[in-house]
Every structure is written in C-alpha cells, then in structure tokens.
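Structure first, then comments.
The values are calculated or read from the model by the stated rules, or taken from the named source; none is laboratory data. As the structure is a computational prediction, the values presented were derived from the model and not from experiment. Positions of Cβ are backbone-derived with ideal geometry, glycine not excepted, and every protein chain shown enters the neighbour counts. The area values use the complete protein model at the heavy-atom level, side chains included, leaving out ligands, DNA and RNA. Shrake-Rupley method; radii C 1.70, N 1.55, O 1.52, S 1.80 Å.
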Amino acid sequence: MSLALIVLAAGQGSRMNSDLPKVLHPLGGVPLFVHALAAGQALQPEHTVLVTGHGAEAVEDAALRIDPDIVLVRQDEQLGTGHAVLQARAALAGFEGDVVVLYADTPFVTPETLDRMVAARTQSDVVVLGFEAPDSARYGRLMMDGERLERIVEWKDATDEERLVTFCNSGMKMAKASVMFDLLSEVGNQNAAGEYYLTDIVGIANARGLACTAVACDEAEVLGINTRAELARAEGLFQARARAAAIENGVTLISPETVHFARDTVIGRDAVIDPFVVFGPAVTVESGAHIRSFSHLENAHVGAGAVIGPYARLRPGAEVGDKAHVGNFVEIKNATLGTGAKVNHLSYIGDAAVGEATNIGAGTITCNYDGVFKHRTTIGARAFVGSNTMFVAPVTMGDEAMTATGTVVTQDIAPGDMAIGRARQEAKPGLARRLMDRLKAARKAREEG
Ligand code: UD1
Ligand code: MG
C-alpha cells in the first residue's frame with residue numbers, strides 16, 4: 001500500500017514558555033519533531049509532508065537539513081489539528097494511497113505500532129491509535145462500541161461521565177487520503193476551544209457509514225510533550241532506553257545512568273564507556289574502543305580499540321583511527337588521527353591530519369586560525385612532535401620527522417628532518433644563588449626599615 005506521512009508541527013507550544021518553537025527543543029540531541037518523523041519514515045512513505053506554522057522558517061530549515069525531499073506546507077493560523085491536516089491537501093493532490101498523521105510533539109511512537117495501524121486499515125476506513133491511561137488527564141476520549149470507534153470527545157468538551165473513560169486518543173490517525181480530506185472538509189469549530197479538531201473526523205465518518213476502529217499501544221509510546229517538565233521527563237525516558245539498548249548490543253557501561261546518548265549514537269560491541277560521558281549528535285564508536293570519564297563527543301568517529309579521555313573533547317569532524325589515543329585535556333576538531341597515533345596531553349589539534357603511529361607531545365597546538373581564515377596542518381606518519389610545538393598553519397611535516405620541544409613551526413619540515421625553532425639556552429654560572437641572596441637581603445632591609 002502506498003503511504004503519505006503528514007507530521008503536524010505548527011502549534012505554538014505556548015506551555016513551553018519559550019521563544020524557541022516547541023518542536024525544535026532538543027530531545028536525545030536532535031529537534032523534538034525528528035523522532036516522530038523518523039518513526040513515520042520507517043514505513044517508507046512516498047511523500048512526507050511537514051505542516052509548519054509557529055516559527056515556520058526555523059522549523060523548515062531544520063527539517064530540510066534532515067530530509068531535503070520533505071514537502072513543507074504552512075498553516076499560517078493555528079486553527080486546530082484538523083485545519084492543520086487540511087493544509088496538506090494541495091501538496092497531496094492526486095495521491096491515491098493512505099495518509100498517516102503523526103504529531104511532532106509525540107516522539108516515542110514506534111514503527112511497529114504504526115505497522116499495526118497499517119494492518120488494521122485493511123478492515124476499517126479510519127484507524128486511530130489509542131492508549132489506556134489510568135490517569136487520563138486532558139487527553140481526548142475514544143468512545144468505543146466493541147471494536148468500533150464511534151467518536152472522539154475532547155476533554156474540554158466531555159461530560160463528567162465521558163471523562164471517566166480511560167481509553168484515550170494519541171492523535172495519530174490513518175485513512176485513505178481522499179477520505180481523510182473529505183471528512184476534514186466537513187469539520188467545524190463549534191466546540192469549547194473554537195478549533196477545527198482532527199478528532200471530529202471519526203463522528204463524521206460514522207455518520208457516513210464508514211468503519212472506524214482504534215489500535216491500542218502503551219501509554220509510554222504516545223507521551224505528548226507540552227511543557228518543559230514533560231520534555232525533561234521524556235529526555236529521562238529516552239536516555240534510559242538508549243542505555244538499555246547499548247547494553248543489549250554488547251556495550252559495557254560502567255555507570256549507565258551517568259552516560260548521555262543522542263538519538264543517532266552508534267557504539268560497537270565490546271566498547272567500554274566509563275562514567276560521565278556525553279555523546280552529542282552523530283557519534284560513532286567502533287568496537288573495543290574505550291571512552292574514559294568526562295569526555296564530550298559530537299560529530300565524531302572513534303576507531304576500533306581507540307582510547308579517548310579522560311577529559312577529552314572530540315568536536316565535529318574528529319576522525320580518530322583504530323587504536324589511537326586521545327588523552328586528557330585534548331581537543332580534536334575537523335582532524336584525522338591515523339592508526340595508533342597518540343595525542344595524550346593538553347593539546348589542540350584542529351583542521352589537521354596526523355599520520356599513523358605519530359606521537360604528539362604534550363601541549364602541542366595547531367594554530368589554525370589567523371583571525372579571519374582557517375588553515376590546515378598536515379603531519380606525516382611515524383613522526384615525533386616534541387612537547388609544546390606550535391604549528392603555525394598552513395604547514396606540513398613529513399613522515400618520520402621530528403620537532404624539538406618548544407618549536408614554533410612556520411615552515412614545512414621534510415620527511416626525516418628535525419626542526420628546532422626556539423631560543424638557544426644560555427648558562428649563567430651561580431646567578432640564581434646570587435640573585436636570590438640579593439632579593440632576600442632587600443626584603444630584610446624593608447622589614448627592618
Ligand atoms: C491532541 C488531540 C487529543 C489527544 C492529544 C494527544 C485534537 C483536537 N486533540 O490534543 O485528542 O488526546 O493531542 O497528545 O487533535 N498542531 C498544528 N496546528 C494546530 C494545532 C496543533 O500543527 O493548529 C500540532 C501541534 O504542533 C502538535 C499537534 O498538532 O504537534 C497536537 O497539538 P496540541 O495542541 O498539542 O493538541 P492537544 O491539545 O495535545
Ligand atoms: Mg499536545
């Protein structure tokens with residue numbers, strides 16, 4: 001069956017109390033809307049439509065970065081969820097398949113649950129995803145008659161008796177596109193909120209003799225984010241699942257509750273993650289690598305058997321080779337370290353390539369920025385960089401070359417050469433002792449006088 005996905009992301013999210021649109025608040029290191037979008041895209045829809053409104057430009061920018069083929073439609077005034085879905089009508093003109101409607105603020109729905117909705121659609125014209133909520137709060141209520149869903153009542157419009165119903169509306173819905181849009185064109189806004197409710201399509205469908213049903217899932221899957229407190233709770237749930245999944249996949253987490261993952265973190269089997277490690281977006285760690293405490297990684301790749309940290313920072317574009325070492329207080333940015341290369345102490349390696357088995361001494365810096373432009377440093381294989389070397393980029397150091405401690409490298413170094421660029425040491429016999437005696441005498445004179 002061909003599918004089109006519609007993700008609603010136009011709402012203001014006023015209860016977030018934020019200038020940032022709700023759906024751009026991060027969850028698991030990516031914008032909130034990405035979670036529902038990815039679950040829907042696992043069904044391989046022919047079209048994906050994102051309905052934007054509040055903060056549309058920022059939301060659209062973020063969406064295009066994730067999926068350049070996404071169809072963007074605007075809902076200029078947020079007149080309700082039904083009105084929002086109708087905005088996708090023109091974009092899907094002529095589309096003969098089914099539409100699945102997801103809410104961008106409902107991140108945990110799984111592709112498996114959506115598959116069950118697809119299966120239920122073979123028997124019913126409209127399928128709604130529902131859940132049992134013992135404390136059903138302000139959710140819409142699903143009014144069932146056996147397997148048949150008769151109508152959905154929004155909390156605001158429900159009678160006391162209807163509010164006792166605990167089977168609730170997740171918001172997610174599925175129907176043939178033409179049926180969905182036909183039903184929606186009949187939805188009015190005569191209700192407590194004065195909004196065009198998507199939920200009203202169910203009552204209208206029943207009046208037309210169409211069959212509606214609900215598929216049930218766990219409440220945890222359809223948790224909607226409306227406040228910062230709910231977002232923080234969702235982050236906790238996301239992290240708990242990410243940790244459990246990593247452990248299940250053969251990763252050792254010494255202290256799981258202190259490790260922070262992003263949605264797209266990939267960690268290989270037998271990698272060891274020590275306590276207090278943060279994975280920002282787009283990190284891959286190959287098997288057997290060891291990430292030690294207080295390290296922060298984003299947009300980085302760590303090779304098999306490499307050791308990172310403690311206290312290391314891998315910034316975007318860090319490519320750490322197999323068995324390489326990045327030690328304490330070392331920052332790597334947009335740089336590759338070859339197999340077995342070592343940068344163990346107090347260094348900045350940015351816009352650089354370091355060859356295999358090269359050793360970078362403590363305190364080495366690639367001076368990559370002249371205030372306007374960034375420049376590259378290239379260091380060959382099996383080179384030995386003395387402590388406190390400054391590479392004034394652009395500069396190249398050949399294979400098996402060396403720099404003396406404290407060298408400021410301003411010219412290329414040929415393979416096998418040694419570069420020494422520092423002031424020559426001079427010895428002043430006895431001067432230290434004479435100087436100290438003089439200073440102490442001066443202090444004594446001051447105290448007495
Ligand atoms: C909605 C449902 C309710 C359900 C609950 C589940 C309706 C009428 N109500 O209520 O039955 O129990 O979700 O979480 O559908 N949006 C737009 N344009 C709008 C309004 C909303 O794009 O004009 C988007 C929002 O960005 C959000 C989603 O639709 O992603 C849901 O909107 P929200 O206002 O949170 O609906 P609820 O009141 O939670
Ligand atoms: Mg909501």
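Summary table
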{"read-out": "Test: residue in region 176-187 that is near ligand 1 (Cβ under 9 Å from one of its atoms) and outside any loop (DSSP other than H, G, I, E, B)", "value": "no"}
{"read-out": "Residue match in region 430-440 (condition: open to solvent by less than 70 Å² (accessible area, probe 1.4 Å), in a loop (DSSP other than H, G, I, E, B) and not assigned by TED's automatic domain parsing to the domain that holds residue 314)", "value": "yes"}
{"read-out": "Filtered residue count, region 227-264, keeping only those that are of a type outside the set (D, E, K, R) and free of Cβ contacts under 8 Å to residues at least 40 places away in the same chain", "value": "19"}
{"read-out": "Output for region 1-37, where each listed residue is within 12 Å of ligand 1 (Cβ to nearest atom), more than 18 Å from residue 229 (Cβ to Cβ) and of a type in the set (Gly, Ala, Ser)", "value": "9, 10, 36"}
{"read-out": "Residue within region 46-63 that is within 14 Å of ligand 2 (Cβ to nearest atom), on the phi < 0 side of the Ramachandran plot, out of contact with any His (no Cβ under 8 Å at 6 or more places or on another chain) and not in a strand (DSSP E or B) present", "value": "yes"}
{"read-out": "Residue within region 20-36 that is without any contact (Cβ under 8 Å) to a residue 24 or more places away in the chain and either closer than 22 Å to residue 204 by Cβ or surrounded by 17 or more Cβ atoms within 10 Å (Cβ to Cβ) (or both) present", "value": "no"}
{"read-out": "Qualifying residue in region 105-128 (condition: touching a residue at least 60 places away in the same chain (Cβ under 8 Å) and under 22 Å from residue 194 (Cα atoms))", "value": "yes"}
{"read-out": "All positions within region 265-286 that are assigned to a strand (DSSP E or B) and of a type in the set (Val, Ile, Thr)", "value": "266, 267, 272, 273, 278, 283, 284, 285"}
{"read-out": "Counted residues, region 15-33 - those being under 17 Å from the mean Cα position of the chain (by Cα) and either part of a strand (DSSP E or B) or within 16 Å of residue 223 (Cβ to Cβ) (or both)", "value": "10"}
{"read-out": "Within region 293-407, strands (runs of 3 or more DSSP E) holding 1 or more residues that are in the same structural domain as residue 269 (by TED's automatic domain parsing), crowded, with 22+ Cβ neighbours inside 10 Å and aromatic (Phe, Trp, Tyr)", "value": "390-392"}
{"read-out": "Test: residue in region 235-244 that is in a helix (DSSP H, G or I), within 16 Å of ligand 2 (Cβ to nearest atom) and surrounded by 14 or more Cβ atoms within 10 Å (Cβ to Cβ)", "value": "no"}
{"read-out": "Yes/no for residue 84 being open to solvent by 20 Å² or more (accessible area, probe 1.4 Å) and under 21 Å from residue 126 (Cα atoms)", "value": "no"}
{"read-out": "Residue match in region 172-179 (condition: more than 14 Å from residue 140 (Cβ to Cβ), crowded, with 22+ Cβ neighbours inside 10 Å and within 16 Å of ligand 2 (Cβ to nearest atom))", "value": "no"}
{"read-out": "Hits in region 209-218 (condition: open to solvent by 20 Å² or more (accessible area, probe 1.4 Å) and either outside the structural domain of residue 173 (by TED's automatic domain parsing) or touching a Ser or Thr at 6+ places or on another chain (Cβ under 7 Å) (or both))", "value": "211"}
{"read-out": "Residue list for region 153-162, filter: over 37 Å from the mean Cα position of the chain (by Cα) and open to solvent by 50 Å² or more (accessible area, probe 1.4 Å)", "value": "157, 159, 160, 161"}
